[in-house]
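Some notes on the structure that comes next.
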Amino acid sequence: MIEITGLTKYHGGRAAIQDVSFAVRPGRVTGFLGPNGAGKSSTLRILLGLDRADAGSALIGGRPYRELRDPLRTVGSLLEGSGAHRSRTARAHLGWVAHSNGIPKRRVGEVLEQVGLADAAGRRVGGFSLGMGQRLGMAAALLGEPAVLVLDEPVNGLDPDGIRWIRRLLREYAADGRTVLLSSHLMSEMAETADDLVVISAGRVIAAGPLAEVTAGHASLEEAFFALTDAASGR
Ligand SMILES: Nc1ncnc2c1ncn2[C@@H]1O[C@H](COP(=O)(O)OP(=O)(O)OP(=O)(O)O)[C@@H](O)[C@H]1O
């Protein structure tokens, strides 16, 4: 369970997000949508303890990220870039992440297999394509078998096969009773994957609820998205 309450963050006197509140329930895939600059990354960075809020709270299983005892075993995350050192191999990178988080070494081979990088495990990360980098990031997110996944644009750079793989993985994860929050700009993909939606625009939540409710009265998620965001920006 993720609970975000009254979250506010200023950058240089301007509010990047203002009074953002929503909950992400277990057993569901929740999509986080918004135009460029709406405040998605700002929200996710605070949720993952990479930034501090000026007001409000962001809790994972009832605690702020920084107070989690075993963060990688509690929440797996994917933000921009895999964070891997370019000269390291995929296996070495994951081995280091596992070691520094008390995760058994056997998980490295398991996640490499799971994300389809087993054959590239011994290659240097610097030579990876964008999609391979995303797969490596997913491998790191899955390493600690966390009950919560937070993913910023996970399908960015993936080929159709990779996109289908992520969709199935996230659906299975949620079906297992786990909590999944993901952002994406791909509306049709989001409509296929998400159970619930949170739509943010200009730093404020403008719609939240089950996919069917948010899209009610519109021909597609894309149409609902434009209607909501246009209305919010007064267009
Ligand atoms: N470190 C920062 N310094 C100054 N302004 C920032 C900083 N981070 C974010 N902002 C501003 O806060 C607002 C929200 O940005 P954020 O990156 O959270 O949006 P986003 O929804 O993730 O956008 P995108 O879809 O483009 O990734 C934007 O106006 C952005 O310019």
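The values are calculated or read from the model by the stated rules, or taken from the named source; none is laboratory data. Since we're looking at a predicted model, the values are computed, not measured. Positions of Cβ are backbone-derived with ideal geometry, glycine not excepted, and every protein chain shown enters the neighbour counts.
To keep it simple, each residue is scored yes or no on (1) surrounded by 20 or more Cβ atoms within 10 Å (Cβ to Cβ); (2) closer than 21 Å to Leu94 by Cβ; (3) among the polar types (S, T, N, Q).
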site: Arg135; (1), (2), (3): yes, yes, no
site: Ser184; (1), (2), (3): yes, no, yes
site: Glu192; (1), (2), (3): no, no, no
site: Ala208; (1), (2), (3): no, no, no
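For first residues located in region 142-163 and modelled with pLDDT of 90 or more and away from the ligand (no atom under 16 Å from the Cβ), partners that are polar (S, T, N, Q) and assigned to a loop (DSSP other than H, G, I, E, B) and lie 6+ apart or on another chain with Cβ distances below 8 Å form the pairs Leu143/Asn101; Gly144/Asn101.
Filter region 146-182 down to residues that are of a type in the set (Gly, Ala, Ser) and over 21 Å from Leu47 (Cβ atoms) and give me whichever is surrounded by the most Cβ atoms within 10 Å (Cβ to Cβ). Filtering region 146-182 for residues that are of a type in the set (Gly, Ala, Ser) and over 21 Å from Leu47 (Cβ atoms), the one surrounded by the most Cβ atoms within 10 Å (Cβ to Cβ) comes out as Gly162.
Here Val20 meets the list (1) part of a strand (DSSP E or B); (2) farther than 16 Å from Leu79 by Cβ; (3) near the ligand (Cβ under 10 Å from one of its atoms) almost entirely, failing just condition (3).
Looking only at region 63-96, residues that are part of a loop (DSSP other than H, G, I, E, B) and either at pLDDT below 95 or among the hydrophobic types (A, V, I, L, M, F, W, C) (or both) come to 13 in all. Does Arg91 fit the bill of being farther than 18 Å from Ile200 by Cβ, more than 16 Å from the ligand (Cβ to nearest atom) and loosely packed, with under 14 Cβ neighbours inside 10 Å? When the stated conditions are applied, Arg91 does not pass them.
Can you find a residue in region 23-41 that is among the β-branched types (Val, Ile, Thr), closer than 23 Å to Ala147 by Cβ, in contact (Cβ under 8 Å) with a residue 60 or more places away in the chain and within 15 Å of the ligand (Cβ to nearest atom)? No, the conditions are met nowhere in region 23-41. Which numbered condition trips up Ile46, out of (1) more than 10 Å from the ligand (Cβ to nearest atom); (2) under 27 Å from Val214 (Cα atoms); (3) touching a strand residue (DSSP E or B) at 6+ places or on another chain (Cβ under 6 Å)? Ile46 satisfies all of (1) more than 10 Å from the ligand (Cβ to nearest atom); (2) under 27 Å from Val214 (Cα atoms); (3) touching a strand residue (DSSP E or B) at 6+ places or on another chain (Cβ under 6 Å) except (1). Scanning region 23-52 for residues being of a type in the set (Gly, Ala, Ser), assigned to a loop (DSSP other than H, G, I, E, B) and under 15 Å from Ala202 (Cα atoms) gives a total of 4. The residues of region 164-192 that are in contact with a Lys or Arg (Cβ under 6 Å, 6 or more places away or on another chain) and modelled with pLDDT of 95 or more amount to a single one, Ala174. Against the criterion of being touching a residue at least 24 places away in the same chain (Cβ under 8 Å), closer than 24 Å to Arg171 by Cα and either touching a strand residue (DSSP E or B) at 6+ places or on another chain (Cβ under 9 Å) or buried (at least 18 other Cβ atoms within 10 Å of the Cβ) (or both), Leu7 does not qualify.
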